[in-house]
Amino acid sequence: ADTSAAHNGVTDMISRIQDLMRRDWRVELFLIQRSANSVADTLAKYAVVHEIDQLEWIVPNDDMKELLKHDITD
């Protein structure tokens, strides 16, 4: 599989995070395991696969509702 696009995306994201952290403000980063936030993990994967920079849903679709239920109960 061609991972160069994904690698470039990660490199770009790291560069953006570093730029934000250089600003004159307090920054705290927290690691949340994928298993603890399946909605965010699924949305991130969806964005990479479909090459989407930004997507807004007013109401979550049925798949997201199920993942939200899973995250809340675990």
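Annotations
- For the chain, with all protein chains in place and a probe radius of 1.4 Å, 55% of the accessible heavy-atom surface sits on carbon or sulfur.
- Computed packing ranks the peptides 20-32, 60-72, 44-56 as 60-72, 44-56, 20-32, most packed first, by mean other Cβ atoms within 10 Å.
- Charge tally in the Cβ shell below 13 Å around residue 57, where Lys, Arg are +1 and Asp, Glu are -1, residue 57 excluded: -2
- Taking N as its residue count, the alpha carbon Rg of the chain over 2.2 N^0.38 Å: 1.33
The values are calculated or read from the model by the stated rules, or taken from the named source; none is laboratory data. Just so we're clear, the structure is a prediction, and the values are computed from it rather than from any experiment. Ideal geometry is used to build each Cβ from the backbone, glycine not excepted, and the neighbour counts take in all protein chains shown. These accessible areas exclude ligands, DNA and RNA; they are computed on the full protein's heavy atoms, side chains included. Shrake-Rupley method; radii C 1.70, N 1.55, O 1.52, S 1.80 Å.
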